[in-house]
Each structure stands twice: as C-alpha cells, then as structure tokens.
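*Asks:* Starting off with a structure, shown below.
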Amino acid sequence: MKIYRTQHHPEGAETLPEYIIRNQSVFPTIHHKNGPGVLPWFRIRQNRVFPTLHHPEGLNSYHWFDVRENSLIPSIHHPMGTGKQPWYKIH
C-alpha cells in the first residue's frame with residue numbers, strides 16, 4: 001500500500017506516494033523530499049503510527065498518527081501539532 005499527502009498536509013497535496021507500507025512498517029519512497037529509505041521510519045500498531053529509531057527525528061514512544069479507515073490523522077503527540085483533517089491517504 002502507498003501513502004499520499006492530502007490537501008490538509010502543511011506542505012500541501014502530492015500526487016506521488018511519499019511512503020510505502022510493508023508488513024506494518026512505513027518506508028519513505030523516492031518521492032519523499034529526503035529521498036528513499038531502506039529502513040522503516042514508522043511502525044503501525046493498533047491503528048496508530050509510531051516513529052522508529054530510523055526516523056530523522058528519532059524514536060518516540062508516542063504515536064504521531066491515528067489510522068482511520070484509509071486516512072492518517074495527526075495525533076496530539078505529532079511534533080507539528082494535531083488536526084482533525086487527514087494529512088495522508090492510504091491507497
């Protein structure tokens with residue numbers, strides 16, 4: 001599955017996938033502004049998305065996103081703040 005930015009993302013929408021999901025791990029793609037990664041930046045557990053130690057901002061025990069249907073909505077623990085609108089869509 002691929003993850004795309006929506007118009008609600010602080011940097012705007014993107015038509016190319018920024019992340020890819022493999023086995024509950026989330027990896028940046030070649031379309032991410034920091035380039036692709038072979039190590040996962042996030043893990044998905046219990047409909048929550050947690051940064052891993054491979055994320056540029058480091059490991060965090062608090063989730064940054066909530067998974068709702070096919071959307072990722074920033075949680076109160078996200079460094080850029082929370083929101084009610086989805087920043088990402090999963091296709």
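The values are calculated or read from the model by the stated rules, or taken from the named source; none is laboratory data. As the structure is a computational prediction, the values presented were derived from the model and not from experiment. Here Cβ is always computed from backbone atoms with ideal geometry, including for glycine, and neighbour counts include all displayed protein chains.
*Asks:* Have a look at Asn34, Asn60 and point out the one that is in contact with a strand residue (DSSP E or B) (Cβ under 6 Å, 6 or more places away or on another chain), part of a loop (DSSP other than H, G, I, E, B) and polar (S, T, N, Q).
*Replies:* Details: Asn34 fails: in contact with a strand residue (DSSP E or B) (Cβ under 6 Å, 6 or more places away or on another chain).
It is Asn60.
*Asks:* Then there's this: Name the single residue that is modelled with the lowest pLDDT among those in segment 63-77 being of a type outside the set (A, V, I, L, M), more than 16 Å from His91 (Cβ to Cβ) and not in a strand (DSSP E or B).
*Replies:* Within segment 63-77, the match that is modelled with the lowest pLDDT is His77.
*Asks:* Looking for something among the β-branched types (Val, Ile, Thr), more than 15 Å from His9 (Cα to Cα) and either out of contact with any strand residue (DSSP E or B) (no Cβ under 6 Å at 6 or more places or on another chain) or surrounded by fewer than 17 Cβ atoms within 10 Å (Cβ to Cβ) (or both) - is there at least one such residue anywhere in segment 77-91? Don't jump to the end; show me each part of the working.
*Replies:* Residues of segment 77-91 among the β-branched types (Val, Ile, Thr): 82, 90.
Now restrict to residues that are more than 15 Å from His9 (Cα to Cα): none.
Looking for residues that are among the β-branched types (Val, Ile, Thr), more than 15 Å from His9 (Cα to Cα) and either out of contact with any strand residue (DSSP E or B) (no Cβ under 6 Å at 6 or more places or on another chain) or surrounded by fewer than 17 Cβ atoms within 10 Å (Cβ to Cβ) (or both), one finds none in segment 77-91, hence no.
*Asks:* Select from segment 7-24 the residues that are outside any loop (DSSP other than H, G, I, E, B) and not β-branched (Val, Ile, Thr) and write down the one among them that is farthest from the chain's Cα centre (by Cα). First the steps, then the outcome.
*Replies:* Narrowing segment 7-24 to residues outside any loop (DSSP other than H, G, I, E, B): 19-22.
Keeping just the survivors that are not β-branched (Val, Ile, Thr) gives 19, 22.
On the way: Tyr19: 7, Arg22: 13 Å.
Out of the qualifying residues, it is Arg22.
*Asks:* Take segment 60-76 and flag every residue that is surrounded by fewer than 11 Cβ atoms within 10 Å (Cβ to Cβ) and on the phi < 0 side of the Ramachandran plot.
*Replies:* Residues of segment 60-76 surrounded by fewer than 11 Cβ atoms within 10 Å (Cβ to Cβ): 61, 68-69.
Once the filter is applied, which keeps residues that are surrounded by fewer than 11 Cβ atoms within 10 Å (Cβ to Cβ) and on the phi < 0 side of the Ramachandran plot, segment 60-76 yields Ser61, Arg68.
*Asks:* Ok, one more. For segment 31-49, state whether one or more residues are of a type in the set (Val, Ile, Thr), in contact (Cβ under 8 Å) with a residue 60 or more places away in the chain and within 19 Å of Pro86 (Cα to Cα).
*Replies:* Taking segment 31-49 as the starting set, the residues that turn out to be of a type in the set (Val, Ile, Thr) are 38, 44, 49.
Those left that are additionally in contact (Cβ under 8 Å) with a residue 60 or more places away in the chain: none.
Looking for residues that are of a type in the set (Val, Ile, Thr), in contact (Cβ under 8 Å) with a residue 60 or more places away in the chain and within 19 Å of Pro86 (Cα to Cα), one finds none in segment 31-49, hence no.
*Asks:* Within segment 38-46, is there a residue that is in contact with a Lys or Arg (Cβ under 9 Å, 6 or more places away or on another chain), at pLDDT 95 or above and either of a type in the set (Lys, Arg) or surrounded by 10 or more Cβ atoms within 10 Å (Cβ to Cβ) (or both)? Please lay out each step first, then the result.
*Replies:* Going through segment 38-46, the residues in contact with a Lys or Arg (Cβ under 9 Å, 6 or more places away or on another chain) turn out to be 40.
Adding the requirement that they be at pLDDT 95 or above leaves 40.
Next, from what is left, pick out any that are either of a type in the set (Lys, Arg) or surrounded by 10 or more Cβ atoms within 10 Å (Cβ to Cβ) (or both): 40.
Yes.
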